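**Student:** Structure below; questions to follow.
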Amino acid sequence: MLFTTILTASLAILSSAVFGEARKSKTHDVIVGGAAGLVYTPNQVHAKVGDHVKFHFQFKNHTVTQSSFDYPCEPLKGGFDSGFMPVGMDDKNGPTFTIEVKNEDPIWVHCEQVGHCPSGMVFAVNAPKKGNTFKKFLKMAKASGNNEYHDGGSYKRSDDDADEDIEEKRSLLSRITGKRGVVELEA
């Protein structure tokens with residue numbers, strides 16, 4: 001009996017030393033939009049294999065759409081896409097979308113809403129510190145000028161869309177400041 005106990009304990013110690021302790025996965029929480037504006041907060045994370053990135057959608061209508069470094073504002077063929085997640089201004093518990101990190105390669109993400117990606121609404125998992133950095137990815141997204149929605153076709157932003165955006169901003173600003181009336185905003 002004593003021999004069995006010693007043998008079991010020895011095997012447990014040896015197993016732990018050889019294979020290492022099982023690492024618990026970590027969940028990285030990311031806010032999508034909301035009061036911070038057209039951004040993911042934080043805009044990048046460094047995650048290990050098996051970790052999860054959980055995107056929490058806040059007001060407006062955003063996506064979490066995988067892209068590539070070279071084409072930051074275009075969906076990656078075969079990549080993940082949350083689809084549009086509309087959230088009302090007063091909703092306290094918006095939807096979430098979670099991805100699992102399968103390897104240590106960079107994962108590039110953007111929002112598919114018209115005009116959001118070229119406004120800088122991009123995100124990365126494990127962006128390199130040299131070469132194809134997050135800073136370069138963000139710069140390329142802003143330079144893309146891509147105002148198209150990619151869902152089986154393209155949608156060009158019209159002047160009517162810009163007017164609707166201004167009205168949304170006025171409504172939001174009046175809710176934040178408590179002031180009613182005309183608020184001048186740049187389009």
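**Student:** Spot the failing condition for Gly120; the list is (1) open to solvent by 40 Å² or more (accessible area, probe 1.4 Å); (2) on the phi > 0 side of the Ramachandran plot, and only one is missed.
**Tutor:** Every condition holds for Gly120 apart from (1).
**Student:** For the stretch 77-97, how many residues are open to solvent by 70 Å² or more (accessible area, probe 1.4 Å) and closer than 14 Å to Phe123 by Cα?
**Tutor:** Looking only at that region, the number is 1.
**Student:** Can you tell me which residue in the stretch 13-45 is modelled with the highest pLDDT, limited to those that are over 30 Å from Gln113 (Cα atoms) and open to solvent by less than 60 Å² (accessible area, probe 1.4 Å)?
**Tutor:** Gly20
**Student:** Here's a follow-up. Do we find a residue being modelled with pLDDT under 55 and within 17 Å of Gly33 (Cα to Cα) anywhere in the stretch 148-165?
**Tutor:** yes
**Student:** List pairs: first in the stretch 23-45 and among the hydroxyl-bearing types (Ser, Thr, Tyr), second part of a helix (DSSP H, G or I) and open to solvent by less than 60 Å² (accessible area, probe 1.4 Å), Cβ under 8 Å, 6+ apart or cross-chain?
**Tutor:** Thr41/Gly34
**Student:** Mind listing whichever residues of the stretch 44-94 are assigned to a loop (DSSP other than H, G, I, E, B) and within 22 Å of Ser25 (Cβ to Cβ)?
**Tutor:** His46, Ala47, Lys48, Val49, Gly50, Asp51, Val64, Gly79, Phe80, Ser82
**Student:** Being within 13 Å of Gln113 (Cβ to Cβ) and in contact (Cβ under 8 Å) with a residue 60 or more places away in the chain is the filter here; which residues of the stretch 61-78 pass it?
**Tutor:** Cys73, Pro75
The values are calculated or read from the model by the stated rules, or taken from the named source; none is laboratory data. Just so you know, these numbers come straight off a predicted model, no measurement behind them. A quick note on method: Cβ atoms are made from the backbone with ideal geometry, for glycine too, and the neighbour counts reach across all protein chains shown. Ligands, DNA and RNA are stripped out before the accessible areas are found, and what is left, the full protein with its side chains, is counted by its heavy atoms. Shrake-Rupley method; radii C 1.70, N 1.55, O 1.52, S 1.80 Å.
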